[in-house]
Amino acid sequence: MIFSKVKDEPALRKVGWFGIDNLMSPGFYPPEGMERIANFLALVNFTVSKPYAAGNPLTSSFVPAFNERFGYDPKPYSDHAYDCMWVAAWAVLIQVTTMGR
């Protein structure tokens, strides 16, 4: 993993580190993750982008509902793919309804 490889490189401690939302994982932080990786992330003020709608019950219920239905946690970005499919389905439905095709 890159975080464990670069922790001792002075130049890499001086740059901003940004990551995608699935990097905000308990696996990077104690007790699950290695303490040296967590220390590096804190040292470089690691920033993660994560889409989130505050107060939206669908946001917090997606993973448990998926797990209950399929018996395992969804893969990364499954929630985004699910939303995209709904947007595509609505677009088709609106097109068919308003344009007749």
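The values are calculated or read from the model by the stated rules, or taken from the named source; none is laboratory data. Not measured: the values here are computed from a predicted model. No Cβ is skipped: glycine too gets one built from the backbone with ideal geometry, and neighbour counts run over all protein chains shown.
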*What residue, among those in the stretch 67-98 that are surrounded by 11 or more Cβ atoms within 10 Å (Cβ to Cβ) and among the aromatic types (Phe, Trp, Tyr), is nearest to Ile20 (Cα to Cα)?*
Tyr77
*Say we look at the stretch 26-49 and pick out the residues that are of a type in the set (Gly, Ala, Ser) and not in a loop (DSSP other than H, G, I, E, B); which of these is surrounded by the most Cβ atoms within 10 Å (Cβ to Cβ)?*
Ala38
*Counting only residues that are part of a loop (DSSP other than H, G, I, E, B) and at pLDDT 90 or above, which one in the stretch 65-81 is farthest from Ser25 (Cα to Cα)?*
Gly71
